[in-house]
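Since the structure comes first, as structure tokens, the remarks are kept for the end.
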Amino acid sequence: MSLLDLFRSKKTNAEPSALPILPEEIYSAGVLDLQDVIAPHALKISSRELDLGERIARTFFVISYPRFLTTGWFAPIINMDKVLDISIFIHPMDTSEMLRKFQKKVAEVQSQISTREQKGMVRDPMLDTAYSDLEGLRDSLQQAQERIFEVGLYLTVYGNTREAVDKIESEIRSVLESRLVYIRPALFQQEQGFRSVLPLGNDELDVHTKLNSAPLSSIFPFISFDLTSNRGILYGINRHNSSLILFDRFSMENYNSVMFAKSGSGKSYMTKLEILRSLMFDTEVIVIDPEREYEYLASTVGGRYFNISLSSEHHINPFDLAIPREDENPADILRSNIITLVGLFRIMLGGLSPEEDAIIDRAITETYALKDITAEANFAAIEPPLLSDFELVLSGMEGSESLVQRLSKYTKGTWSGFMNRPTNVDMNKKLIVFSVRDMEDDLKPIAMYIITHHIWNVVRKELRKRLLVIDEAWWMMRSADTASFLFSIAKRGRKYFLGISTITQDVSDFLNSPYGLPMITNSSIQILLRQSPTSVDLVQQTFKLSDEEKYLLLESDVGEGIFFAGLKHVAIKVIASYTEDQIITSDPSQILAIRKAKQELADAESAQATSAITTDAASFAPAQNTAASSTATLK
């Protein structure tokens with residue numbers, strides 16, 4: 001009731017001696033309710049639509065379904081990029097009553113079939129099909145495998161103009177009629193239809209179709225998986241329903257992930273985005289970078305960047321030992337390190353025979369003993385041996401001539417500056433990057449093995465939430481020893497709160513390794529970005545992808561693919577903010593533009609500083625002249 005109506009009612013109903021209108025009544029009559037706020041300023045009801053002022057709404061109902069409904073047939077409508085409301089009303093029906101009706105219907109159909117047979121008429125396939133369907137449904141109802149429901153499916157579309165609504169209606173009709181599902185507008189019932197799709201639960205349209213449980217389940221609206229949790233980082237956008245993919249890898253049974261993508265598909269971009277967002281949640285990140293792509297990221301966030309090469313000032317001693325924790329036995333630490341070093345020398349020396357393997361094992365043990373390092377020693381207080389110490393011990397053993405000769409290039413030859421020095425790498429920052437770009441290709445697997453071993457020793461020292469990113473992991477999968485060592489870390493990392501993220505573009509090299517498939521199965525997260533036609537069949541076979549998912553990977557744009565987390569997987573699109581993009585971009589043209597902008601800014605600041613100095617000098621010159629003149633006057 002408006003304020004004017006209130007006054008009118010008061011005047012009409014009041015007697016001459018009535019009390020005057022109270023201010024509280026005037027105030028209460030003028031207060032807006034929630035309905036006044038959300039209601040349109042005008043409403044016009046016509047036979048085919050509702051005019052809500054600035055928007056036009058039109059309601060439809062489903063009138064007919066095909067004989068079979070496939071799973072997901074309603075998905076294109078639900079995920080349509082249009083403004084629409086959908087209501088599904090499900091009214092259960094009494095099974096015993098439906099069985100009685102089916103019994104009568106079966107008798108009718110059977111009677112028609114018998115009559116046609118008696119008259120010698122040709123068999124009618126429609127009657128036979130109806131009879132078999134009714135009998136099958138009767139059996140399912142009797143065994144409680146199915147139920148019958150009356151289902152009302154209503155849709156309301158919105159547009160700014162009638163032409164826009166007609167276009168949306170045409171799109172919806174074409175999608176549904178291609179699946180033999182037919183809709184009709186709620187003629188002269190648009191008001192009831194509009195109220196039926198409002199979140200009130202009122203079925204005022206009352207247009208129903210009888211469906212049993214199986215086809216009804218195909219209408220279930222939430223068919224696209226969501227990976228949205230209460231904690232974690234934003235990985236991207238769900239391409240099916242535009243929901244956010246928020247996920248915490250440290251909430252899974254293990255914290256590992258694998259990523260397969262062809263070159264230029266955005267794998268490094270997505271990885272750097274995950275690193276940047278993980279750092280905000282107090283996660284320490286360590287990166288093995290084969291192409292020097294993470295240097296700018298490390299400098300931007302205040303991390304450390306180590307360039308590992310033959311001429312680098314950064315060195316890692318492979319004989320370093322991890323400091324045992326309270327729950328670890330020093331003897332186990334020493335034994336594990338010896339086994340790891342045997343695998344390293346197997347790679348360095350081009351393979352070992354069983355006899356050479358035994359000699360190397362004994363030489364490593366004696367090398368540690370030379371420095372008084374035994375199972376009872378304090379590893380933190382003793383300086384570990386170097387590779388030259390190992391060579392000295394090895395040269396004194398019988399049958400080691402070939403081994404010493406092959407080892408000499410690492411101690412005295414061109415490769416001697418790589419690992420024959422004490423470790424001078426300090427990993428006390430949130431982000432640590434080890435670059436092996438400038439390392440020779442023959443030494444890259446060895447360098448990555450040594451770096452990973454050093455990282456593993458640091459990780460075991462103190463329990464913290466860490467993420468180890470190994471880009472171009474196919475380098476480590478080429479050798480059985482490096483692949484075996486990486487797999488052992490992936491299996492044991494959870495105990496030390498460590499997640500391993502392996503990234504590769506060479507899918508065949510990775511999967512052809514005997515440890516490739518175990519690495520995938522031991523990773524709770526798998527990410528597939530755009531694939532090349534030569535490797536997509538292998539990826540499809542490995543991940544059990546459908547043909548639609550296979551073609552999705554072939555046609556995906558940069559930063560698009562499929563995100564697997566446990567038993568769920570969704571189509572993902574990676575999106576970064578402008579600031580994040582400026583930090584993590586790998587696009588050469590974008591990098592050159594950033595460098596050019598920085599250089600122009602530096603030149604401008606330099607020119608401004610030079611101008612300021614010139615101005616100061618000019619202002620200082622008259623003062624000298626004045627002082628000189630004053631002196632002359634005094635004289």
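Bear in mind that the values in this text are calculations on the coordinates, not laboratory data. No experiment lies behind these values; they were computed from the predicted model shown. Backbone-built Cβ (ideal geometry, glycine too); neighbour counts: all protein chains shown.
Numbers below:
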| quantity | calculated |
| --- | --- |
| Alpha-carbon Rg/Rh ratio, for region 280-380, with Rh computed the Kirkwood way | 1.06 |
| Sorted by Cβ neighbour density within 10 Å, fewest at the top, the residues 487, 543 | 543, 487 |
| FRET E, pair residue 174, residue 388, Förster distance 56 Å, beta-carbon r, rounded to 0.05 | 0.15 |
| In nm, spacing of pseudo-spin labels at residue 229 and residue 113 (7 Å Cα→C-beta vector) | 5.5 |
| Gained length - residue 599 relative to residue 381, 0.36 nm times residue gap less alpha-carbon distance | 73.6 nm |
| 158, 269 arranged by Cβ crowding within 10 Å, fewest neighbours leading | 158, 269 |
| Rounded FRET efficiency, nearest 0.05, which uses the C-beta distance separating residue 210 from residue 586 and R0 of 45 Å | 0.20 |
| Burial ranking of peptide ranges 517-527, 343-353, 421-431 (average Cβ count within 10 Å, highest at the top) | 517-527, 343-353, 421-431 |
| Ascending count of other beta-carbon atoms within 10 Å, so fewest first, for 291, 163 | 163, 291 |
| Value of Rg to Rh for region 409-491 (Rh from inverse mean 1/r over Cα pairs, i.e. Kirkwood) | 0.96 |
| Folded to 0 to 90 degrees: helix 401-411 orientation relative to the chain principal axis, Cα | 80 |
| Rounded to whole Hz, the Karplus (6.51, -1.76, 1.60) HN-Hα couplings of region 255-266, x for glycine and proline | 10, 8, 8, 10, 9, 10, 6, 7, 5, x, 8, x |
| Anchor residue 596: lysines whose Cα lies under 23 Å away (excluding residues fewer than 8 positions away in-chain) | 272 |
| Inter-label distance, nm, simple model (7 Å from Cα along the C-beta direction), residue 150/residue 358 | 8.7 |
| Degrees, to the nearest 10: 267-279 long Cα axis against longest axis of the chain | 90 |
| Beta bridges by DSSP in the chain, antiparallel share as percent, to the nearest 5 | 60 |
| Centroid-to-centroid separation of region 249-276 and region 160-200 [C-alpha atoms, Å] | 42 |
| Kirkwood-based Rg to Rh ratio, region 244-587, C-alpha trace | 0.98 |
| Dipole moment magnitude, nearest 20 debye, region 244-587 about Cα centre, only Lys, Arg, Asp, Glu C-beta charged | 660 |
| Per-peptide average of other Cβ atoms within 10 Å, ordering 593-600, 449-456, 575-582 highest first | 449-456, 575-582, 593-600 |
| Distance between modelled label sites at residue 88 and residue 191, nm, 7 Å Cα→Cβ extension | 3.0 |
| Theoretical FRET efficiency, 1/(1+(r/R0)^6), r = Cβ-Cβ of residue 161 and residue 244, R0 35 Å, to 0.05 | 0.60 |
| Cα gyration tensor of the chain - equivalent ellipsoid semi-axes, whole Å, descending | 68, 45, 23 |
| Taking only Cα atoms of region 433-481, radius of gyration then Dmax in Å | 11.8, 34 |
| Sorted peptide list for 85-94, 123-132, 402-411, criterion being average Cβ within 10 angstrom, highest first | 402-411, 85-94, 123-132 |
